[in-house]
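Structure first, then comments.
The values are calculated or read from the model by the stated rules, or taken from the named source; none is laboratory data. For clarity, every value in this text was computed on a predicted model and none was experimentally measured. Don't worry about glycine lacking a Cβ; one is built from the backbone with ideal geometry, like all the others, and counts go over all protein chains shown.
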Amino acid sequence: MTHLRRDDGFDGRGDAFYEQLVAAHRGLTDAASGALNARLVLLLANHVGDAAVVAETIAAARRGLDSGGTGNEQEL
């Protein structure tokens, strides 16, 4: 079984990915931005193709949000 990757998968180029993500959302309504996020999640989950890794990823992303936090205070 594979586990969620926690090292720098972007090899130090994470800022470039973040810029792409921000640019993809630019000019979209909140509803369209939410739809884009949902499509990205589904496409990336399909690409990963491992239900256990996807479940681990969902749990990591959800950590800290159940108590009304932003999740920023928890390390993924």
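When the stretch 1-28 is limited to residues that are among the basic types (Lys, Arg) and exposed (fewer than 10 other Cβ atoms within 10 Å of the Cβ), the one that is modelled with the lowest pLDDT turns out to be 6. Close contacts from the stretch 7-34, counting a first residue that is free of Cβ contacts under 8 Å to residues at least 24 places away in the same chain and a second that is of a type outside the set (Gly, Ala, Ser) and part of a helix (DSSP H, G or I), with Cβ to Cβ under 6 Å and a gap of 6+ residues or different chains, come to 10/17; 33/25. The set of residues from the stretch 35-65 being free of Cβ contacts under 8 Å to residues at least 40 places away in the same chain and assigned to a loop (DSSP other than H, G, I, E, B) comprises 49, 63, 64, 65.
For the stretch 57-76, name all the residues that are at pLDDT 85 or above, under 13 Å from the mean Cα position of the chain (by Cα) and of a type outside the set (D, E, K, R). Selection gives 57, 58, 59, 60, 61.
As an exercise: evaluate residue 68 against (1) part of a helix (DSSP H, G or I); (2) surrounded by fewer than 12 Cβ atoms within 10 Å (Cβ to Cβ) and give the number of the one condition it does not meet. All conditions pass for residue 68, except number (1).
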